[in-house]
Amino acid sequence: MCMGEPDLELTEQHRGIMTKILISAGEASGDLHAGAVTRAIKQLNPEAEVFGMGGDCLRQAGGEVLFDIKDHSVMGFVEVLKKLPDIWKLRSDFIKLMERRKPDVLLTIDYPGFNMRLAKLAKERGIKVVSFIAPSAWAWRPSRAAGVVKVVDKIASIFPFEYDLYKSYGADLEFVGHPLVDTVKPSLPRSAAEKLAGKRQGHPLILLMPGSREMEIRRLLPEMLAAAKILKQKRPEFDFAMPRAATIARETLEHSIKEAGLEVTLTEDHNYDIMSVADFAIATSGTVTLEAALCGLGCIILYKSSPVSFWIAKRVVEIPHIGLPNIVAGRLIEPELLQDDCTPGTIVSVALEMLEPLRFAQLQKDLREVKEKLGEPGAVKRVAELVLRMAREHQEEALQILS
């Protein structure tokens, strides 16, 4: 589901400024943010050109999608190696695009492995670089921040702890807050959302959220469906729904659900409405777990990659938790089942424990704390204004060189 329009007013200082913004968002979560920021930019400066890599959300916001995320989303160390030829071609295509259309700003959104290399190429060509959803140096290696600072002109920081780390490495950054605080809101009356989700009175609704990448679906959806089938046998009153990510074909999910022999309501769009009426979720690690937290929906967080990728990750990740709600909270509030622990039996036992009344009540309290830590509304507007300001700086510098 793409983000709705932020509450913005067109200001005189942005009127009539011809601006070219190259954007790079490589995954479904990044596309959500790309769409929201593009919509805000267009409201502040209707004549601004926004083009690059994204998906349906960027397209619907008025951005020109030249490279679709459906063709380029990838995760895991081994998986990236297999896709290297495609990544090199994409890099080459971006270089040609930079040299042909000469953007004022490159806005990178997450997707750090590719985007930081792209940032270096842009900086070499005199293009201003803004990083939104910056590389998680706080998770991988704090010293990684130094490399980011070399290729990025400005960081739009979304977490307080991220701001402090990058600042210690001399970064030029602004704390904008987390954009999901603006955009994760139900849009339907509760009764309509319950109907859409297939929620019945007296029947707890559990969401299955297997991810937005094909390899996540292959690795985790069978485990989720097998666990859901056992839960249904143990607790017949449970119902299940599955919001579909735009990057995953509906037929793929329908086939897996049919094979599992389980009744699951497959939903399209209105994800935040669905999350707001559900009782619990089984979710692949990622931004969706933070979206769920903002809706008051607790999760079991799952992660599974290739054995080699997981072995490497364990040696380079320097934080105790991988789930975003746990990272924001600074402690384990939602269970994480990783790799070999991610089995149907374990999922079932943990889910039943989390749904016990006292444990469930504590989780709701913890999720409210997470929401408070993510900052005040207005992040999307602040990012849009920052990007336009950097574009003006680029244009002024170019005029000074010409004069």
Apply the Karplus curve 6.51 cos²θ - 1.76 cosθ + 1.60, θ = phi - 60°, to the phi angles in region 106-116 and return the couplings in whole Hz, x for Gly and Pro. 9, 9, 9, 10, 6, 6, x, x, 8, 5, 6
For a footprinting-style exposure proxy, rank ASP279, ASP93 by other Cβ within 10 Å, fewest first. ASP93, ASP279
Mind telling me which of GLY330, GLY52, GLY30 comes out most flexible in a GNM of the chain, alpha-carbon contacts under 10 Å? GLY330
By counting other Cβ atoms within 10 Å of each Cβ, how are HIS321, HIS178, HIS33, HIS203 ranked from fewest to most? HIS203, HIS321, HIS178, HIS33
Give me the number: length gained by fully extending ARG101 to THR252, i.e. 0.36 nm times residue separation minus the C-alpha to C-alpha distance, one decimal in nm. 50.6 nm
Can you work out the Karplus-derived ³J(HN,Hα) for every residue in region 326-338? Use 6.51 cos²θ - 1.76 cosθ + 1.60 with θ = phi - 60°, whole Hz, and x for glycine or proline. 5, 5, 5, 5, x, 6, 7, 10, 10, x, 10, 10, 10
Springs between alpha-carbon atoms under 10 Å, Gaussian network over the chain: tell me which of PRO160, PRO236, PRO142 tops the mean-square fluctuations. PRO236
For the residue pair SER349 and GLU372, what label-to-label distance in nm results when each label sits 7 Å from Cα along the Cα-to-beta-carbon direction? 3.4
Other-chain or far-sequence residues with amide H under 5 Å of PHE175's (modelled H): SER157
Check cross-link reach from LYS70 to the aspartates and glutamates: straight Cα distance under 18 Å, and skip same-chain residues fewer than eight apart. GLU27, ASP31, ASP56, GLU79, ASP86, ASP93, ASP110, GLU214, GLU216, GLU251, GLU268, ASP269
Pick from GLY170, GLY35, GLY211: which is most flexible by mean-square fluctuation in a GNM of the chain where alpha carbon atoms under 10 Å apart are linked? GLY170
Please rank ASP68, ASP110, fewest neighbouring Cβ atoms within 10 Å first, as an exposure proxy. ASP68, ASP110
Rounded to the nearest 10 degrees, the helix 250-260 long axis (Cα) sits at an angle to the longest Cα principal axis of the chain of 20
Would you work out the charge dipole size for region 118-190 about its Cα centre, treating the Cβ of every Lys and Arg as +1 and the Cβ of every Asp and Glu as -1, and quote it to the nearest 20 debye? 220
Could you go through region 238-244 in sequence order and give the Karplus-derived ³J(HN,Hα) for each residue, using 6.51 cos²θ - 1.76 cosθ + 1.60 with θ = phi - 60°, rounded to whole Hz, and x for Gly and Pro? 5, 10, 9, 9, 9, x, 8
Can you count the Lys pairs in region 190-373 whose Cα atoms are under 19 Å apart, with each pair 8 or more apart or on different chains? 7
ASP269 paired with ASP86, simple spin-label distance in nm, labels 7 Å along Cα-to-beta-carbon: 2.8
Spacing of the two label points (7 Å from each Cα toward its C-beta) at GLU64 and ARG117, in nm: 2.5
Quick check: convex hull over the Cα atoms of the chain, volume per residue in Å³, rounded to an integer? 132
By the scheme Lys and Arg +1, Asp and Glu -1, what is the net charge of all other residues having a beta-carbon under 10 Å from that of ALA398? -3
Could you list which residues have their amide H under 5 Å from that of THR267, counting only those 5 or more apart in sequence or on another chain, with H placed in the peptide plane? MET242, ARG244
Amide H to amide H under 5 Å from THR284: which residues, 5+ apart in sequence or cross-chain, H placed 1.01 Å off N in plane? MET209, GLY211, LEU302
Region 190-373: Rg/Rh from Cα coordinates, Kirkwood Rh? 0.94
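Readers should treat all values here as calculations from the given coordinates under stated rules, not as data from a laboratory. Since we're looking at a predicted model, the values are computed, not measured. Cβ sites come from the backbone with ideal geometry, for glycine too, and all protein chains shown count toward neighbours.
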